[in-house]
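What follows is a single structure, written as structure tokens, with notes after it.
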Amino acid sequence: MASERVYNFSAGPSMLPLEVLEKAGSEITNFNGSGMSVMEMSHRSKVFIDIYDEVKSNMKDLLKVPDNYSILFLQGGGSLQFAMAPMNIMTTGKADYAITGNFSNIAYKEGKKYGTCNVAASSADKNHTYIPSQSELKLDSEASYFYYCDNNTIYGTEWKYIPETGSVPLVCDMSSNILTRPFDVSKFGIIFAGAQKNMGPAGVTLVVIRNDLIGHERPYTPIMMSYKEMVEKDSMYNTPPCYSIYILGLVLKWVKKNGGLQGMQKMKVERSKILYDYLEESKLFKSPVRPEDRSDMNVPFVTGSDELDKKFIKEAEAAGLVNIAGHRSVGGMRASIYNAMPIEGVKKLVEFMKDFELKNK
Ligand SMILES: Cc1ncc(COP(=O)(O)O)c(C=O)c1O
């Protein structure tokens, strides 16, 4: 077991702010004088409802969610939303999908179970190393929605623009870049994000949905997958993931204390610039991603030799830079540098890479 905390570059679940973990630790047996852990209390109790209401209101505040939207905290991860969105809002029997990586491809396959899904754009021709431009999107005006994944966790690409789709609502997976920069919620129909990268522990999934999209679910939609039911029951049709919601609340307070979404944006640019600047000058390490589409959250890189990649990963781990292997489907390395990654972690990684490059010329 590591005796000290390491810099954990995992793509998710990933690092949480130390301050948050320490606060949770201090309250683990007795939350706020209740004599109970948050893990032990009824989700209907006043003490938990107070936690829940504060989480919701801080989320609304941070994301500047307009009043004609509902905020949900659901279960089933980002993956359940791949089915929940079509079941609830594919009213014309058609939808547009942009396939820019693994998760949007899974969502597309899931969507096809409920109707005709048009591939409005795909970056598969270049192994998902870029994001298609607005002019490349082949839009269907009869689509019930346009689906895309804003940050591709495995391939390390990020949409730098919000697609223009006229009156067709956007359904957007922001699992790996929510809470990392301000953006205009009113441009979206549905936004969803699993918590386990920038928001908290696994188990809770944020859904922000425009109210006019609620109430159109198919008759066979399970209660647990009905946005209408979940909005009416304020996400508490059944027992919610109470502890994950509580930690999410601590993370939201940390985000606020650190400058809100503007603060997060400033920090993410600082972090990723250090890494990308070095990747540009390095003779050993390369980023496979088109420069203008690079993600500030997930930074894949390769040496070009599987053997050297493996050596790098092993030696990095011994130096306290852990979980830096790329996704099993693409190999190489990937540094996931979410909100909670201290800038010192990225500096230490780059120093380590420079040193490795010198020794492995
Ligand atoms: C962008 C993106 N969407 C969806 C998922 C799937 O999320 P979950 O594991 O919460 O179902 C992931 C998981 O890493 C992801 O990175």
Report task. For Cys149, work out the one condition from (1) within 13 Å of the ligand (Cβ to nearest atom); (2) out of contact with any strand residue (DSSP E or B) (no Cβ under 8 Å at 6 or more places or on another chain) it doesn't fulfil. Result -> (2)
Query - Checklist (1) touching a residue at least 60 places away in the same chain (Cβ under 8 Å); (2) surrounded by 14 or more Cβ atoms within 10 Å (Cβ to Cβ) applied to Ser122, failing item - result: (1)
Query raised in the report: Among the residues of region 202-229, how many are under 26 Å from Gly249 (Cβ atoms), in a loop (DSSP other than H, G, I, E, B) and away from the ligand (no atom under 11 Å from the Cβ)?
Result: 2
Query - Qualifying positions in region 152-200 - more than 11 Å from the ligand (Cβ to nearest atom), in contact with a Lys or Arg (Cβ under 6 Å, 6 or more places away or on another chain) and either hydroxyl-bearing (Ser, Thr, Tyr) or not assigned by TED's automatic domain parsing to the domain that holds Leu63 (or both) - result: Thr180
Query raised in the report: Can you find a residue in region 308-330 that is assigned to a loop (DSSP other than H, G, I, E, B), in contact with a strand residue (DSSP E or B) (Cβ under 6 Å, 6 or more places away or on another chain), within 15 Å of Glu357 (Cβ to Cβ) and among the polar types (S, T, N, Q)?
Result: no
Query raised in the report: Out of (1) assigned to a loop (DSSP other than H, G, I, E, B); (2) touching a residue at least 60 places away in the same chain (Cβ under 8 Å), what's the single condition that is false for Ala335?
Result: (1)
Query raised in the report: Out of region 1-30, which residues are of a type outside the set (A, V, I, L, M) and in contact (Cβ under 8 Å) with a residue 60 or more places away in the chain?
Result: Glu4, Tyr7, Asn8, Phe9, Ser10, Gly12, Pro13, Ser14, Pro17, Glu19, Lys23
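The values are calculated or read from the model by the stated rules, or taken from the named source; none is laboratory data. Quick caveat: nothing in here was measured; it's all calculated off a predicted structure. Note that each Cβ is placed from the backbone with ideal geometry, even for glycine, and that neighbours are counted across all protein chains shown.
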